[in-house]
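Accompanying notes for the structure given below.
The values are calculated or read from the model by the stated rules, or taken from the named source; none is laboratory data. In this text, all values refer to a predicted model and were calculated from it rather than measured experimentally. Positions of Cβ are generated from backbone atoms using ideal geometry, with glycine treated the same way; all protein chains shown enter the neighbour counts. Each accessible area value is taken on the protein alone, full model and side chains, heavy atoms only, with ligands, DNA and RNA left out. Shrake-Rupley method; radii C 1.70, N 1.55, O 1.52, S 1.80 Å.
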Amino acid sequence: MAIETNGNTHADGRSDSRIQNYTKFWQKDTSKEAEVDNANRLDSYTEVVNGYYDGATDLYEWGWAQSFHFSRFFKGESFAASLARHEHFLAARMNIKPGMRVLDVGCGVGGPARQIAMFTDAQIVGLNNNEFQVGRARKYTKNMGLEGQVSFVKGDFMKLAEQFGEGSFDAVYAIEATVHAPTWEGVYGEIFKVLKPGGVFGVYEWCMTDAWDPSIPEHKALAHEIELGNGIPEMRSLKLARSALTTVGFEVEYEEDLAERKDHVEWYYPLEGDYSKAQTVYDLFTVWRTTWFGMFVMHNIFWFLELIGVLPKGTIEVGAALKVAQTSLIKGGQTKLFTPMYLAISRKPANSE
């Protein structure tokens, strides 16, 4: 199935038709999903991901933050502090040091890249295949005065060696980004190539857990709902992430599903719209944004902005997909069938060519 992507392209790189065609990559009834649908999304992963983020980025920034990821929560810890700690924890586990050249694969609008740069004094290069997000990342970074330490480039994470050359980074990390790849072996293999021998790769990966069984219709439907709601061509199991790392040559030094830790509140609490779980006064607003009333207000604001042309056409339709994301991610977390934070720290052997 070929999906047309021609249409109005905005100066910031967003495409109306790409946004409007996004949901066409899935069956409306996810129980009717077939292998041909899955294959088409994998073949068209660039269009799937770009269509999603062209429409979802404004919604993400308004409803979440400039760091597009989940995190664990300690008692009394603010939402913003939790996001930053999650990023710092990864950098610390990787032992990123001042002066290292580090690649952020799938950098979003650069929130984690800026935090990790400030935390480690490393030089960070953010890679993103979405032109709109790259522009946003550069603007925010310049506003913070970090443009000499953090840079951003547009590119395909399935062609890293072609873009950067082999052995060009001391470390590489990816935060909830490589799930968008058509295969983990493909993207992990490219990361392996651009690392120097002895270099480290750290990843927070989105996975269906070992409890997930695709032969169970309800489990399979949940995976498809997560895909549709989050711009993911194909959800895969945690065990496949483990095997992909070793298959391409990495030595896994540490791994843990952080969602399995017993935290004060679960990682998905900001999606629930439950005021009782807010950790700080400011976080009451964070929670409000995912209540029915907050989403109603958000929907109407963005509907108006799309109507007058401030936002690209199709943004509201992607917003509807985000509602699917909300319910499916909560369900995935509650049932322990999904995790957004399988953490793996892997190293390229020092004797690698």
Quick one: how many residues across segment 110-158 are open to solvent by less than 30 Å² (accessible area, probe 1.4 Å) and more than 27 Å from residue 9 (Cα to Cα)? 10
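Please work out if residue 238 is at pLDDT 95 or above, closer than 13 Å to residue 340 by Cβ and touching a helix residue (DSSP H, G or I) at 6+ places or on another chain (Cβ under 9 Å). Full working, then the answer.
Details: at pLDDT 95 or above: yes; closer than 13 Å to residue 340 by Cβ: yes; touching a helix residue (DSSP H, G or I) at 6+ places or on another chain (Cβ under 9 Å): no.
The answer is no for residue 238.
Which of the following residues is of a type outside the set (A, V, I, L, M) and touching a strand residue (DSSP E or B) at 6+ places or on another chain (Cβ under 7 Å): 306, 255?
On the way: 306 fails: touching a strand residue (DSSP E or B) at 6+ places or on another chain (Cβ under 7 Å).
Only one candidate passes the filter, namely 255.
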Give the residues of segment 253-289 that are basic (Lys, Arg) and closer than 20 Å to residue 327 by Cβ, sorted by residue number. 277, 289
Which residues, taken from segment 131-178, are touching a strand residue (DSSP E or B) at 6+ places or on another chain (Cβ under 8 Å), closer than 19 Å to residue 58 by Cβ and either among the polar types (S, T, N, Q) or free of Cβ contacts under 8 Å to residues at least 12 places away in the same chain (or both)? 141
Can you find, within segment 159-190, the residue that is surrounded by the fewest Cβ atoms within 10 Å (Cβ to Cβ) among those that are more than 24 Å from residue 223 (Cβ to Cβ) and among the hydrophobic types (A, V, I, L, M, F, W, C)? 161
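Please work out which residue is most open to solvent (accessible area, probe 1.4 Å), limiting yourself to segment 215-235 and to residues that are in contact with a helix residue (DSSP H, G or I) (Cβ under 7 Å, 6 or more places away or on another chain) and of a type in the set (Gly, Ala, Ser).
Kept after step one, since they are in contact with a helix residue (DSSP H, G or I) (Cβ under 7 Å, 6 or more places away or on another chain), are these residues of segment 215-235: 217, 221-222, 224-226, 228-235.
Subset that is of a type in the set (Gly, Ala, Ser): 221, 229, 231.
Working: 221: 23, 229: 0, 231: 0 Å².
Going through the qualifying residues, I end up with 221.
Here is a list: 246, 339, 291, 327. Which entry is of a type outside the set (A, V, I, L, M, F, W, C), open to solvent by less than 30 Å² (accessible area, probe 1.4 Å) and within 30 Å of residue 187 (Cα to Cα)?
Details: 246 fails: open to solvent by less than 30 Å² (accessible area, probe 1.4 Å); 291 fails: within 30 Å of residue 187 (Cα to Cα); 327 fails: open to solvent by less than 30 Å² (accessible area, probe 1.4 Å).
Criteria check complete, one pass: 339.
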Taking residue 28 as the residue in question, decide whether it is basic (Lys, Arg), under 19 Å from residue 224 (Cα atoms) and open to solvent by 60 Å² or more (accessible area, probe 1.4 Å). yes
Looking only at residues in segment 31-87 that are among the acidic types (Asp, Glu) and out of contact with any strand residue (DSSP E or B) (no Cβ under 8 Å at 6 or more places or on another chain), which one is modelled with the highest pLDDT? 77
Wholly within segment 105-169, which helices (runs of 4 or more DSSP H) include no fewer than the required count, namely at least 1 residues that are over 21 Å from residue 183 (Cβ atoms) and more than 16 Å from the chain's Cα centre (by Cα)? 111-120, 131-143
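Which residue, of 19, 3, is at pLDDT below 85 and either small (Gly, Ala, Ser) or buried (at least 21 other Cβ atoms within 10 Å of the Cβ) (or both)? Walk me through it before giving the result.
Details: 3 fails: either small (Gly, Ala, Ser) or buried (at least 21 other Cβ atoms within 10 Å of the Cβ) (or both).
The match here is 19.
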Kindly indicate whether any position in segment 50-67 is open to solvent by 30 Å² or more (accessible area, probe 1.4 Å) and among the acidic types (Asp, Glu). yes
